[in-house]
Amino acid sequence: MRNFIFVGLALFGGAVTQQYGLLTTTVTNSGFLTGLYVVFVPALTVVFLRRRPHWIIWPAALMASFRIFLLSGGTLSALNRGDLLTIVCAFFWAIQVLLIGVFAAGSGRPMLLSMTQFAVCAVSGFLLAAAFEPLSLDRVEAALPQILYAGVFSSGIAFICQVVGQRYTTAPQAAILLSSEALFAALFAVLLLDEVITPSGYLGCVVIFAAMLVVELVPEITKRRRQVAEAAA
């Protein structure tokens, strides 16, 4: 249970630094810099867990980061304080993915882990808001549809699926698969908001799809080849 609290603190750290960062950075910069967690996760796996990810993780992580850059428009404005906060946010997201990879499979209680991280994040957010922001029931009621949507769908269901899914994959692989969120964001922006994807954006979609394929297929292919070689020997 104590370990699950650390996951919640990482989730809270990522959420609060991302939102504070968005006050002074652009959406383009935020989208790219947040996605740096796909590089941080395998690096943290080596440093803290002393585990070497499959070699394909490194090029796939760089491919995913490049894809986020392309979907962000292929440009970055000058970095400011909000950008630095967003980089810290990516570090917290990486820690959250890493900790879930450690505790989800080991505990066998993904629902309890999810409930704990949500509770820690909610209580920490409430305390921070009470200390630094004016709380008003009228403002909460006005934003209630957005709060419920973000709480139930964007956070609740999505993070529960993440915890359950990470029981069956490694943290570095999960980070690359999670980075496909930008791909779906672009898709629904076109379908629902009539936004237009630039040519670099389409290239980014192709790159992330390729990264997702290689990170799943290459380890399986090399594993089967090794098994065949061992059987032949």
Fill in the blank from the handout: A correct Stokes-Einstein calculation for the stretch 1-45, using the alpha-carbon Kirkwood radius, 37 °C and 0.692 mPa s, returns a whole-number D in µm² s⁻¹ of 277 µm²/s
Handout entry: Highest-first arrangement of 156-168, 6-18, where packing means the average Cβ count within 10 Å
Key = 6-18, 156-168
Practice task
Mind checking the full-extension length gain between Ala129 and Phe209? Use 0.36 nm per residue of separation minus the Cα-Cα distance, one decimal, nm.
Solution key: 24.9 nm
Completion exercise
Plugging the Cβ-Cβ distance of Arg50 and Tyr202 into 1/(1 + (r/R0)^6) at R0 = 41 Å yields, to the nearest 0.05, a FRET efficiency of 0.55
Problem - Burial ranking of peptide ranges 136-148, 95-107, 33-45, 116-128 (average Cβ count within 10 Å, highest at the top) - result: 33-45, 95-107, 116-128, 136-148
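None of the figures in this text is laboratory data; all of them are computed from the coordinates on show. This one's a predicted model, so the numbers in the text were calculated from it and none came from an experiment. Neighbour counts run over all protein chains shown; Cβ positions are idealised from the backbone, glycine included.
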